[in-house]
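The numbers here are math on the coordinates, done by the rules we state, and not lab data. In this text the structure is predicted, and so the values were computed from the model without any measurement. In this analysis, Cβ positions are derived from the backbone assuming ideal geometry, glycine residues included, and neighbour counts consider all displayed protein chains.
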Amino acid sequence: MSAPSENPPANALANFAKAFQQTPLWMATAPGRVNLIGEHIDYNDGFVLPAAINRHFTALASTNGSRKIRIRSQHFAEEAVLCLDTPPKPDQARSLWMRYPLGVLAEFLDRAADVPGLDIWVASTVPLGSGLSSSAAFEIAFASILEHASGLSLSQVEKALLCQRAEHVFAGVPCGIMDQFASIMGQNDHLLLIDCQSQDVTPVPMNDDSVCLVVANTNVHHSLASSEYAKRKADCDEAKSQLGVNSWRDVRKEDLASASALLDGHLLKRARHVVTEIQRTQDAVEAIQDHYWEKLGELMYASHDSLAKDYEVSCPELDTVVAIAQELGVSGGVYGARMTGGGFGGSTISLVKTSQAKPVLACYEEYYQEYTGQRLDAFVTRPAQGAQAFPIASIH
Ligand code: ADP
Ligand code: MG
């Protein structure tokens with residue numbers, strides 16, 4: 001298997017040796033992801049258009065001859081100890097972060113996989129809890145290690161669905177399929193058009209060096225996120241049933257005019273976001289194929305507007321970044337920007353001229369600090385390769 005697109009963190013091997021007094025046998029990497037457009041429609045029969053990013057979760061592993069999996073994370077002091085002889089249960093986890101590997105292990109044991117005792121060291125350059133899917137990257141890197149160690153081989157789709165189930169059951173997050181699909185199937189210089197109804201994945205080339213993606217992490221996470229997510233999901237199901245349709249794909253923008261008589265005010269707003277965002281995502285694919293970057297930028301701003309006003313999942317911090325992008329405009333290097341991920345904090349994504357990326361990053365961070373008094377972490381990314389795993393000797 002080929003080497004990852006990013007070398008393992010320089011201190012990874014030393015950290016592993018320090019933690020477990022031995023050398024690792026396998027390494028797995030899994031990228032975070034960013035969604036270009038198609039937000040909050042993965043659970044509404046829609047399309048999403050994510051890319052894997054050049055920030056990775058890394059896991060190093062070795063067998064330890066016991067009936068336990070020990071995991072040390074660079075980000076948490078406490079060691080996770082997963083017992084192979086007791087069926088995993090979510091409440092066994094002493095800390096939230098341990099639920100992710102426990103959930104994945106449960107899925108492997110359900111398939112009667114012959115998982116040996118392991119020592120695992122993990123670290124990540126995907127910021128935790130910033131809407132860039134560090135959780136899916138964790139699940140996938142861990143699942144890849146378990147595949148190597150147990151000999152159970154999964155297809156990409158099986159692995160993605162297994163990890164999604166782990167997140168539903170053990171972390172209690174009812175996520176769609178986007179995060180896991182993107183982290184596994186990501187391709188260099190391609191976005192992935194995922195049809196969330198059929199689960200079909202179509203790579204969309206984005207290989208024009210004149211544009212790049214800028215991710216800006218606000219470092220804020222409002223506690224509303226999970227309760228409001230559940231409410232939006234319920235609103236959309238209610239609106240769909242009041243409209244008497246089985247799928248949002250059967251509703252066109254024109255139908256919304258007559259729907260206004262059927263739906264309460266806030267349900268009409270939710271429906272309008274879903275229907276227009278499904279259309280915007282399809283239009284975005286066309287704009288990318290035509291290298292029509294001004295058009296793609298307009299679609300991104302329209303998506304943000306719809307998420308802020310109709311779906312009501314933005315927040316002042318995300319709106320501030322988008323306002324800065326608009327202030328800079330195309331002449332200042334920014335074609336478009338929007339919140340990405342679930343909202344109520346997290347990150348934005350912008351489409352930026354590569355030649356002006358440096359000053360754009362500087363302006364984003366400086367203006368944001370000026371307007372909010374807080375720190376913004378902005379970085380450039382290009383669509384990157386998905387997860388990889390290999391025996392450690394092949395790195396050298
Ligand atoms: P996101 O997936 O957008 O980063 P989530 O809230 O879904 O946000 O997942 C973040 C959680 O995933 C963290 O709070 C932690 O429990 C777990 N996690 C992610 N990366 C790591 C890591 N390197 N070590 C341990 N746990 C991690
Ligand atoms: Mg997540």
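Estimated from the Cβ-Cβ distance and a Förster radius of 45 angstrom, the FRET efficiency linking Tyr292 and Ala14 is about 0.40.
A protection proxy built from the mean count of other Cβ atoms within 10 Å ranks the segments 23-36, 168-181, most packed first, as 23-36, 168-181. Relative contact order of segment 206-381, please, whole-number percent, based on alpha carbon pairs below 8 angstrom and at least 6 residues apart. Across segment 206-381, relative contact order equals 34 percent. Each Lys and Arg Cβ is given +1 and each Asp and Glu Cβ -1; about its Cα centre, segment 206-381 then shows a dipole of about 320 debye.
Can you tell me how segment 206-381 classifies by the Cα gyration tensor, rounded, prolate or oblate, using a/c under 1.5 as the rounded cut? It comes out oblate by the Cα gyration axes. Short-range pairs are left out: with C-alpha atoms under 8 Å and at least six residues apart, the relative contact order of the chain is 24 percent. Highest mean packing comes first when the peptides 123-132, 77-86 are listed by Cβ atoms within 10 Å, giving 123-132, 77-86. Its DSSP H runs of at least 4 residues, each contributing -39,500 (n - 2.57), put the calculated 222 nm mean residue ellipticity of the chain at -12500 deg cm²/dmol, to the nearest 500.
Once the Cα-Cα distance is subtracted from the 0.36 nm per residue extended length, the Ala113 to Glu327 segment shows a gain of 71.6 nm. Could you tell me which trypsin sites (Lys or Arg not before Pro) in segment 95-168 are loop residues by DSSP with no more than 16 other beta carbons within 10 angstrom of their beta carbon? Sites meeting the loop and neighbour criteria: Arg111. What separates the Cα centres of segment 313-336 and segment 13-84 is a distance of 32 Å. Of the GluC sites (Glu not before Pro) found in segment 251-290, those that fall in a DSSP loop while having at most 14 other beta-carbon atoms within 10 Å are Glu254. For the peptides 256-267, 357-368, 195-206, residues were scored by their other Cβ atoms within 10 Å and the scores averaged per peptide; the highest-first order is 357-368, 195-206, 256-267. Of the trypsin sites (Lys or Arg not before Pro) found in segment 290-396, those in coil by DSSP whose Cβ has at most 15 other Cβ atoms within 10 Å are Arg375.
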